[in-house]
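The structure under discussion appears below in the form of structure tokens.
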Amino acid sequence: MYKLAFVDDEATTRDTLCSCFPWENAGFKIEAQFSNGMEALKYLLQHELDAILCDIKMPVMNGIELSREIHERKLPVQIILLSGLRDFELARQAISYGVRHYMVKPAKFQNLHDVLMLLKQELDEKKGTGKPDTNVSIETDMNAQSSDHPVIQRILHYVEAEYRNVTLEDVARFVHMNPSYVSSYFRKLTGQKFSDYVLAVRMKKAAELLREHRWKALEVGEMVGYANAKNFIRAFKQYYGKTPGQFKHEH
């Protein structure tokens, strides 16, 4: 069980997530809660943690500043950033501090589950408990159902968690394979191109957000990885046969 701390200045958010989400089923245990980055940093300097789930905007020390401190001090802890839509640029800055995972607030159950499963796989590999056996050829399992295939499952989890900006090269590094091989391997086992699957995940997420009627189409496009609104509208219309605005109105 990996030790995780939750850092957010909103007590209600902390209490709700910590008490309602099945952390142990995802392989994590809530070890501590903090209201700002400074509290978390002081704890980290005296205690071991495997991961931190952290809001970006907080008093005293925000999530980006905490990420920088952890990076500069070389503390062995992974960070998941929680950000509002307008914090996306800040979240991207955190990449330079080694942050690889971030989610839009409010955190949805499935998104949090996917990110935690991906993080658990990474932690397992670092500890040597989940590293793939490179002596066994994955070609021998080409006839296996893709839904049961471990490599395909790892790729699907990765895309579900990182769909906003995932690339074939990212996935290839994650599963320790050549990008061109991953492309053909994925298509052979799933029957679809990797790029088509990523598009489908993005469009499904976009549709979910539009049904909530909380964000404008432009905001939804940014949330699913489209910096250009026209590109998002074009992709959405090609996929669903209607514009995001029409879809939102019908639902």
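The values are calculated or read from the model by the stated rules, or taken from the named source; none is laboratory data. Quick caveat, the model's predicted, so the values are computed rather than measured. Cβ placement follows ideal geometry from the backbone for every residue including glycine, while neighbour counts extend to all protein chains displayed. The area values use the complete protein model at the heavy-atom level, side chains included, leaving out ligands, DNA and RNA. Shrake-Rupley method; radii C 1.70, N 1.55, O 1.52, S 1.80 Å.
In the chain, what percent of the accessible surface is made up of carbon and sulfur (1.4 Å probe, ligands and nucleic acids excluded)? Working shown, then result.
Details: 6340 of 12980 Å².
Of the solvent-accessible surface of the chain, carbon and sulfur hold 49 percent.
Mind checking which of GLY191, LEU17, PRO106 is farthest towards the positive end of the chain's charge dipole, using Cβ charges of +1 (Lys, Arg) and -1 (Asp, Glu) about the Cα centre?
Towards the positive end, the residue furthest out is GLY191.
Note the direction-averaged projected area, equal to a quarter of the hull surface, for the Cα convex hull of the chain, in nm².
14.5 nm²
Dividing the convex hull volume of the alpha carbon atoms of the range 167-233 by its residue count, what do you get in Å³ per residue?
Cα convex hull per residue, to the nearest whole number: 98 Å³.
Between the range 28-71 and the range 177-247, how far is it from one alpha carbon centroid to the other, in angstrom?
Measuring centre to centre over Cα atoms gives 33 Å.
Around LYS242, with a cut-off of 13 angstrom between Cβ atoms, what is the net charge of the other residues, counting Lys and Arg +1 and Asp and Glu -1?
That sum, taken over residues with Cβ under 13 Å, equals +2.
Would you be so kind as to identify which of GLY27, GLN93, LEU44 lies farthest towards the positive end of the dipole of the range 18-95, taking Lys and Arg as +1 and Asp and Glu as -1 on Cβ and the Cα centre as origin?
About the Cα centre, the residue reaching furthest to the positive side is GLN93.
Mind listing the long-range amide H neighbours of LEU81? Cut-off is under 5 Å, sequence gap 5 or more, other chains count too, H placed in the peptide plane at 1.01 Å from N.
CYS54, HIS101, TYR102, MET103
If you take the Cα atoms of the range 1-88, find Rg, then find the Kirkwood Rh from the mean of 1/r over all pairs, what is Rg/Rh?
0.94
What does the accessible area per residue of the chain come to in Å², with a 1.4 Å probe and no ligands, DNA or RNA counted? Show your work: numbers first, answer last.
Details: 12980 Å² over 251 residues.
Value for the chain: 52 Å² per residue.
Order the following by accessible area, largest value first: HIS251, HIS113. Probe radius 1.4 Å; ligands, DNA and RNA are ignored. Provide the component values of the computation, followed by the final result.
Details: HIS251 90, HIS113 55 Å².
Accessible-area ranking of HIS251, HIS113, largest first: HIS251, HIS113.
Mind putting a number on the dipole of the chain about its Cα centre? Charges go on the C-beta only, +1 for Lys and Arg and -1 for Asp and Glu, and I need it in Debye to the nearest 20. Mind dumping the intermediate values first?
Working: 34 positive and 33 negative charges, 182 e Å.
Magnitude of the dipole: close to 880 debye.
Once amide H atoms are placed 1.01 Å from N in the peptide plane, what residues at a sequence separation of 5 or more from ASN36, or on another chain, have their amide H within under 5 Å of its amide H?
HN-HN under 5 Å from ASN36: ASP8.
Given a cut-off of 26 Å, name the pairs among LYS3/LYS105; LYS57/LYS242; LYS3/LYS74; LYS205/LYS230 whose C-alpha atoms lie farther apart than that in the structure shown.
Going by Cα-Cα distance, LYS57/LYS242 fall outside the 26 Å limit.
Got a number for the accessible area of VAL166? Probe 1.4 Å, square angstrom, nearest 10.
Near enough 20 Å² of accessible area.
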